[in-house]
Every structure is written in structure tokens, then in C-alpha cells.
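Read the structure below first, then the notes.
The values are calculated or read from the model by the stated rules, or taken from the named source; none is laboratory data. Since the structure is predicted, the reported quantities are computational estimates derived from the model, not experimental observations. In this analysis, Cβ positions are derived from the backbone assuming ideal geometry, glycine residues included, and neighbour counts consider all displayed protein chains. The area values use the complete protein model at the heavy-atom level, side chains included, leaving out ligands, DNA and RNA. Shrake-Rupley method; radii C 1.70, N 1.55, O 1.52, S 1.80 Å.
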Amino acid sequence: MTLEETAEKIQTMEIRGAGRIARAAAQALHDHSQTIHPADLLTYCQEMEKAAEILVATRPTAVSLPNAVNLVMKPLKKESELQSAKKNLEERACSFITRSEEAVNKIGKIGAKHIRDGDVVLTHCNSEAALGCILKAHEQGMNIEVYATEVRPRNQGHITARTLSDAGIRTNFIVDSAARHFMKEVDLCITGADAITVNGSVINKIGTSQIALAAHEARVSFLVAAETYKFAPRTIVGERILIEERTPDEILSEEMRKKLPYVTVRNPTFDITPADYVDYIITEAGVFPPEMAYTIIKEQLHWDNDDMSSDLPYCEEE
Ligand code: RUB
């Protein structure tokens with residue numbers, strides 16, 4: 001697959017979910033590096049930089065995407081020779097993909113410990129990290145039942161319901177607005193995250209914050225399963241997470257909209273759940289309260305103040 005094809009698939013959501021997007025971007029950088037034949041190091045850096053920009057521009061909210069690109073690209077600045085620069089970049093891309101897959105696995109194991117035999121778990125959207133916890137608990141022989149939301153407008157809940165059903169887990173498939181109605185039957189909510197800010201707020205699929213609010217009201221635990229690269233380093237220096245707003249076509253056709261001249265369709269893809277409504281964040285490095293987001297950024301992502309400046313350029317002319 002070419003870099004442009006990967007970018008297109010991320011943009012159209014054929015590749016979706018923060019972890020998958022990050023791995024697809026790392027793979028695309030790896031493959032692009034193997035495909036191009038630049039004459040010198042500077043040309044290589046410039047071409048890779050263009051590729052990085054294309055990937056990062058595809059979806060604005062999931063911070064896993066720029067974090068992955070940054071991990072692969074940033075050390076390029078220190079390179080002095082073309083062949084080793086290429087080799088090192090390709091190795092970093094592969095190692096990110098491996099570490100990402102291992103992280104999702106670890107989260108499943110850690111998260112399963114928070115699920116008890118007989119629990120009813122509610123999940124929203126389609127998060128491989130959140131589902132990993134549920135599937136692991138089931139694999140360990142726990143008798144669990146799940147409430148899975150539909151996830152309007154893109155119906156990611158259908159994928160979740162399919163995965164749960166394939167695993168043989170009893171699942172109740174509900175419309176998003178039924179979450180509060182059923183909360184009294186739920187023991188635990190688990191979702192994923194697209195980004196986690198320095199104050200522990202969790203950005204995830206639209207509707208997550210309403211579910212967290214309903215869980216808070218009903219005194220039901222609300223857990224977030226997220227790899228450490230979902231934490232957003234630059235929120236430390238005041239950068240805000242941009243909430244993607246997608247085309248109104250996902251909600252109402254153009255034909256319908258033409259008949260409703262006073263109606264504007266709004267389609268935010270994600271929302272922000274305040275740290276107050278989150279009990280724990282389950283990462284591959286352990287379980288943390290959301291208040292520890294700063295520490296995770298500093299210690300797990302190893303971001304220091306020098307890294308807080310803009311990513312670009314990854315290469316500089318002598
Ligand atoms: C996906 C979504 C998921 C997170 C975490 O949104 O909100 O909950 O990305 O997923 P979209 P994962 O479908 O718009 O990409 O745990 O798989 O990274």
C-alpha cells in the first residue's frame with residue numbers, strides 16, 4: 001500500500017481506532033522509506049517529512065498518530081549518513097508497531113484483573129484496548145455480560161458486537177441514548193481513548209462523556225484502557241486537542257438537508273470526559289488515576305521540555 005493509500009484509508013476511516021491508526025502510520029513511513037531512492041540524506045529527510053505531514057493531517061484528534069510519527073521521525077535530526085538513517089528509521093517504525101501490539105496485550109491482562117466473575121460491563125465504540133480487557137476476562141473463564149452501544153453515526157458498535165459474539169460473550173446491543181437507562185444493570189464501564197490530556201481528561205468517541213456522567217451518577221466504575229502513546233505531551237504547554245468534526249453526510253444526506261434550510265447538522269466525532277468521571281486509566285505500564293497524566297507523559301513517554309517545541313522540521317539544511 002502506498003503512503004497516499006494509507007492516508008486515504010485513515011481519512012475515510014477504513015483504518016480507524018487510535019491504536020490502529022498509529023500502527024498504520026508507522027508502517028506507511030517504513031514502507032515509504034523503503035520505496036524512495038533519494039540521492040542524499042537531506043533529500044531523504046525532506047521526502048520523509050512530507051510523508052509525515054500527509055499522515056498527521058489525516059485525522060486531527062487521535063494523538064497516537066502524531067506521537068507514533070514523532071517517535072519514528074524525530075531521531076532523524078541526529079543522523080549523518082543516508083543508509084543508516086534509512087535503516088534506523090525503518091527499525092524504529094517496526095519497533096513501534098511491535099511495542100504497540102504488546103501494549104494492547106498487556107492492557108488486556110491488567111484490565112481483566114479489574115473485572116470480576118459475573119460482572120456486567122458496558123463499552124462504547126470499538127476500542128481494541130477496551131475490548132482486550134473484556135476478551136481476556138472471558139478467556140480466563142469469567143462469566144461476563146456486555147452492553148455494547150451502537151455508536152452513531154458510523155456504527156463502530158457493530159464491529160464490537162461482532163467481536164464479542166464471535167468470542168461467545170453474552171452481549172446486549174443498545175442505541176447510544178439507552179446507556180443511562182441500563183446503567184443500573186452495569187457493574188463497570190470500559191472505553192478506550194484517542195487522547196488523554198495533562199489534566200487527565202479523556203478524549204474518546206462522541207457519547208463517551210454522557211456514559212461517564214451516567215456511570216458517575218450511578219456510582220458505577222468508569223475505566224479507560226489506553227496505551228501510553230495516547231497521552232498528549234503538548235497539552236503540558238497549553239496545546240489543546242482539536243475535536244474532529246466530520247461531514248454532515250454521515251448524519252443526514254444532502255438531499256434531506258436541502259429540505260431543511262434552517263437546520264445545520266453538527267457532527268463532532270469525539271468528546272471530552274473530565275478526569276473527575278474517570279476512576280482509572282489502564283496502560284501497559286500499569287493502572288493510574290487520571291490525575292497522574294503529567295507523570296506518565298514525563299516518565300513513560302520520556303518527553304522533556306525540548307520535545308515540546310514544534311515537531312517540524314525533522315531535518316535541517318546545514
Ligand atoms: C475510535 C474510538 C476508540 C479509540 C480507542 O474512533 O473512539 O474508542 O480510538 O481505540 P474512530 P483503540 O472510530 O472515529 O477512529 O483502543 O482501538 O485505539
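Away from the ligand (no atom under 16 Å from the Cβ), in a strand (DSSP E or B) and either at pLDDT 95 or above or crowded, with 20+ Cβ neighbours inside 10 Å (or both): is that true of N172 in this structure? The answer is yes for N172.
Taking the range 64-109, which residues are in contact with a Cys (Cβ under 7 Å, 6 or more places away or on another chain) and closer than 17 Å to A22 by Cβ?
Going through the range 64-109, the residues in contact with a Cys (Cβ under 7 Å, 6 or more places away or on another chain) turn out to be 76-77, 107-108.
Passing the criteria: only I107.
Considering the range 116-137, and only residues there that are more than 20 Å from F182 (Cβ to Cβ) and either acidic (D, E) or open to solvent by 40 Å² or more (accessible area, probe 1.4 Å) (or both), the residue that is nearest to the ligand (Cβ to nearest atom) turns out to be E128. Of the residues K106, K86, only one is away from the ligand (no atom under 15 Å from the Cβ) and touching a residue at least 12 places away in the same chain (Cβ under 8 Å); which? After ruling out the rest, the residue left standing is K86. Scanning the range 1-12 for residues that are part of a helix (DSSP H, G or I) and within 13 Å of the ligand (Cβ to nearest atom), we see that the one that is most open to solvent (accessible area, probe 1.4 Å) is Q11.
Annotation: R162 fulfils all but one of (1) touching a strand residue (DSSP E or B) at 6+ places or on another chain (Cβ under 7 Å); (2) open to solvent by 10 Å² or more (accessible area, probe 1.4 Å); (3) among the charged types (D, E, K, R); the unmet one is (1).
Being part of a strand (DSSP E or B), out of contact with any strand residue (DSSP E or B) (no Cβ under 6 Å at 6 or more places or on another chain) and open to solvent by 10 Å² or more (accessible area, probe 1.4 Å): is that true of D271 here?
In short, yes.
Against the numbered list (1) within 16 Å of the ligand (Cβ to nearest atom); (2) among the small types (G, A, S); (3) in contact (Cβ under 8 Å) with a residue 24 or more places away in the chain, A161 comes up short only at (3). The number of residues in the range 290-318 being open to solvent by less than 50 Å² (accessible area, probe 1.4 Å), in a loop (DSSP other than H, G, I, E, B) and modelled with pLDDT of 65 or more comes to 3. Restricting the range 18-57 to residues that are of a type in the set (S, T, N, Q) and out of contact with any Asp or Glu (no Cβ under 8 Å at 6 or more places or on another chain) leaves a set whose member that is farthest from the ligand (Cβ to nearest atom) is T43. The numbered conditions (1) in contact (Cβ under 8 Å) with a residue 40 or more places away in the chain; (2) within 16 Å of the ligand (Cβ to nearest atom); (3) of a type in the set (A, V, I, L, M, F, W, C) are all true for I15 except (1). Using the structure shown, decide if E145 is acidic (D, E) and away from the ligand (no atom under 13 Å from the Cβ). For E145, the condition - acidic (D, E) and away from the ligand (no atom under 13 Å from the Cβ) - is met.
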